[in-house]
Amino acid sequence: MTDSSKDDSSAQNPDLAVSPDMLKDFASEQCLLKECISEQNTQSWQRLRRAATSSSPWTNPVYADWSVLRYVGGLDLSCPKDDQKRACAALVVTELPSLKVVYKDFITDRVNVPYVPGYLGAREYPLMGRVLERMRKQCPEQFKPQVLLVDGNGILHPRGCGSACHVGVKEKMPCVGVAKNFYRLPKWEASFEDNIRGRLSAGITDDMVDLEHDGKIVGKAVRLSKNSGKPVYVSVGSNIDLDTAVWVVKLCSKYRIPEPIRQADLYSRRIIASGGTILGDGTDCGGGVTDLPSCVGEPEEPNHKDTIHRY
DNA sequence: GCGACAG
DNA sequence: ATCTTGTCGC
């Protein structure tokens, strides 16, 4: 291994490319999935829109027909800065109303699809699907998530099928897309994000604003933290309606990023940072998790330059 | 040619 | 996505 082989300049993504033909395949898959997206509430907790409270009974619910929302999953994927071909998918299950983590798991493996804007699901879903598959087998029944929050968009997407739709349709689960950054659809004017941010910080309206596209509300920009003027962008993945999706997101939020996603993000990032173990997994559950040095329980909101800007 | 562009 | 230090506020 001479130093020439480790040249950093040529390094970032040595090869992970995707041909135009491949992208077409991805796009047609999205169009097929799109037909399977449901924006209806079918579960009783969705219809009643009831969440667990500290006084809720401690019985272990079978999530499918329980009338109270108690367990929310968060999915995220991280990768090493110098190697797009490896990634870590993390799933975390959070309990309401405490927002404590009761189950977490990750899978690290090779990923052969690069990140291409508009095709995130093609890159991230396969690994997420594997971590969900293991959840079905290994997660204690009483901790199984009733809804999943995915780091990315749902139907707020150029073809109406973001990564959260891949998850929701393929897993047949209520699923919500939560994007940290604005994805401007082609028909939206360049200044649309600024308009939204302006409306939110002006406090004229609410703490959220509708995102309309072709006469349909495809998502909402929601400001979840008083400490940040920056919203997240919530949209339907599948098997839930938008208002209920926003309701869930708000229920799970202490900071700008909803806890399930934030915890999954911290977890996957930590696995990546711990280096060495590039192939592996790590199921953990039951609340008293002893895994890597604990990555739960951040005392305060992460430091940010995104302080609220008003004038 | 240049910028934009969920993660 | 990832890299970074200090810094401001409760």
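The values are calculated or read from the model by the stated rules, or taken from the named source; none is laboratory data. Since the model is a prediction, treat every value here as computed from it, not as a measurement. Here Cβ is always computed from backbone atoms with ideal geometry, including for glycine, and neighbour counts include all displayed protein chains. All accessible areas refer to the heavy atoms of the entire protein, side chains included, with ligands and DNA or RNA removed. Shrake-Rupley method; radii C 1.70, N 1.55, O 1.52, S 1.80 Å.
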Open item on the list: Let me check against my output: what whole-number percent is the relative contact order of the stretch A:190-265, with C-alpha pairs under 8 Å and at least 6 apart?
Closed with: 21
Open item on the list: Taking all protein chains in place and a 1.4 Å probe, what share, in percent, of the accessible surface of the stretch A:30-126 do carbon and sulfur account for?
Closed with: 53
Open item on the list: I need the calculated FRET efficiency for the pair A:S67 and A:K254, taking r as the beta carbon distance and R₀ as 25 Å, to the nearest 0.05.
Closed with: 0.50
Open item on the list: Exceeding 30 Å between C-alpha atoms, which entries from my cross-link table qualify? They are A:K220/A:K254; A:K170/A:K226; A:K34/A:K250; A:K24/A:K81; A:K24/A:K250.
Closed with: A:K170/A:K226; A:K24/A:K250
TODO: Name the residues whose placed amide hydrogens come within less than 5 Å of the amide hydrogen of A:G219, ignoring near sequence neighbours (fewer than 5 apart) on the same chain.
DONE: A:L211
TODO: Estimate the FRET efficiency between A:R269 and A:K187 by the formula 1/(1 + (r/R0)^6), using the beta-carbon distance for r and 22 Å for R0, to the nearest 0.05.
DONE: 0.05
TODO: Enumerate the amide H contacts of A:R50 below 5 Å, restricted to partners 5 or more residues apart or on another chain; note that Pro and chain-start residues carry no placed amide H.
DONE: A:L69
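Carbon-plus-sulfur fraction of the accessible area of the stretch A:131-198, 1.4 Å probe, in percent?
Heavy-atom surface of the stretch A:131-198 belonging to carbon and sulfur, 1.4 Å probe: 47 percent.
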- [ ] Show the residues, 5+ positions off or on another chain, whose built amide H is closer than 5 Å to the amide H of A:V102.
- [x] A:V93, A:T94, A:E95
